[in-house]
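Chemist: My structure is below; once you've seen it, I'll send some questions.
The values are calculated or read from the model by the stated rules, or taken from the named source; none is laboratory data. On a predicted model such as this, the values are computed, not experimentally measured, just so you know. Neighbour counts run over all protein chains shown; Cβ positions are idealised from the backbone, glycine included. Heavy atoms of the whole protein, side chains included, go into the accessibility calculation; ligands, DNA and RNA do not. Shrake-Rupley method; radii C 1.70, N 1.55, O 1.52, S 1.80 Å.
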Amino acid sequence: MHRRRFLGMTAALPLSRMLSGVSSGAASVAFAAARAPDAYRNLLVLVELKGGNDGFNTLVPYTDPAYYALRPRLAIARDSVVQLSDRVGLHPALEPLAALWRSGELAVLQGVGYPQPNLSHFRSIEIWDTASRSEEYLQEGWLTRTFARNATPADFAADGVVVGSNDLGPLAGAGARAIALADTQRFLRRAKLAQPAEAASNKALAHILKVERDIVQARGHLGASYAFKTEFPATGFGNVVKTACQVIANPSGVAAVRLTLGGFDTHTNQTGTQARLLAELAGGLAALKSALYELARWDATLVVTYAEFGRRPKENVSGGTDHGTANVQFALGGRVAGGLYGDAPDLSQLSGDGNPRHALDFRNVYATVLDRWWNVDSRGALNGRFVPVPFVRT
């Protein structure tokens, strides 16, 4: 059965019937079984821009005449961009990130993609979540494979927590203790349904009881009582960030947190929709930095954005853009080596369907997280050797 269909089916199941280690809205727990490196004290925060954010209006090539020729209505005016260099600048809604750029704490990764790109939402995000090749189908997420080989400390509340989505994404599959929640208090209320129990001789029942014990452990460590001075934006994504920060504030750690901001599939009326979403993103990331400063965790946190794909350079007739390939990602944190990485897509060399070639494989980004941020060997999780990108100071 397809993993996403299974996740949708399990959303309605009561806790006692969850046999898979996968849940929606409450918790899901599987198991890791190796020695943990101390580097998991470094936190990873992934931010998924669901639907496929338009990279060309996020990082604007404001000196490229081809950009304006391809987008006579959608292009961002040169005098509106937040300039990062003499060639590119940010969408004006991302102005709150300018301070991070000036302080050298924002890296901009250009032309990120993979060979033989797939333009289906479901398949492409599956490729990103599992770090597979385009023609390869894997069951476990790339973080799940990492934790299966290199376990987090046993006293961590969980290996990873997903906020703002029921899809575990890179934490799916057996090999990680992963929790999905839309709201911390709601999770705690639901987790109270699980109570510790003795091991059973029946293997299936024993699995259920082990899952329940892990949920109870998470309930005991995850709370929402920290009184932040940071003001979180009164938006959906602001609430996601606030919930994530409450998780991060607890003394018992987690290695990874995945946040989701949806709505980026802008086939029509892109201008207003993307401006609103990017403003939500920038406000949420600014609040995240402020809260991490309060917790003295900013220097120990790496934040990375991603989407299943970008958008086509040429605008469509509906005031939007269609599914594309090479995209832009952000990496931010107190130990990020700020600057531009990768190469900007060449708008004069487009494929037959009007898309540019990628310049930076997304698995090189993942290798940076594993090899440089967590100091674990990335080859097992990524099924090959990918050279890290030097946007993290070790």
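Chemist: Could you give each residue of the range 293-298 its phi-based ³J(HN,Hα) in whole Hz, using Karplus coefficients 6.51, -1.76, 1.60 with θ = phi - 60°, and x for Gly or Pro?
Modeler: Once θ is set to phi - 60°, the couplings for the range 293-298 become 4, 4, 8, 6, 10, 4 Hz.
Chemist: Counting only C-alpha contacts under 8 Å and six or more residues apart, can you give the relative contact order of the range 225-370 as a whole percent?
Modeler: After rounding, I find 20 percent.
Chemist: If I stretch the segment between residue 267 and residue 63 completely, what's the gain in nm (0.36 nm per residue apart, minus their alpha carbon distance), one decimal?
Modeler: Computed gain between residue 267 and residue 63 is 70.9 nm.
Chemist: Another question about this same structure. For residue 87 and residue 225, calculate 0.36 nm times their separation in residues minus their Cα-Cα distance, and state this gained length in nm to one decimal.
Modeler: Difference between extended and current length: 45.1 nm.
Chemist: Run the paramagnetic zone check for residue 275: 7 angstrom along Cα to Cβ, then residues of the range 48-64 with backbone nitrogen under 15 Å.
Modeler: 57-58
Chemist: Run the quick spin-label model on residue 351 and residue 137: label points 7 Å from Cα toward the beta carbon, then report their separation in nm to one decimal.
Modeler: 2.1 nm
Chemist: OK, next. If I compute solvent accessible area with a 1.4 Å probe over the protein chains, what percent of it on the range 273-313 is carbon and sulfur?
Modeler: 53 percent
Chemist: Anything over 27 Å Cα to Cα? Flag those among 50/242; 289/314; 50/289, in the order listed.
Modeler: 289/314, as the Cα separations exceed 27 Å there.
Chemist: Across 10 Å bins from the origin, how do the percents of Cα pairs in the range 42-143 run, short distances first?
Modeler: Cα pair-distance distribution for the range 42-143, in percent: 13, 35, 31, 20, 2.
Chemist: Kindly report the accessible area of the range 245-306 per residue (heavy atoms of protein chains, probe 1.4 Å, no ligands, DNA or RNA), in Å².
Modeler: 30 Å²
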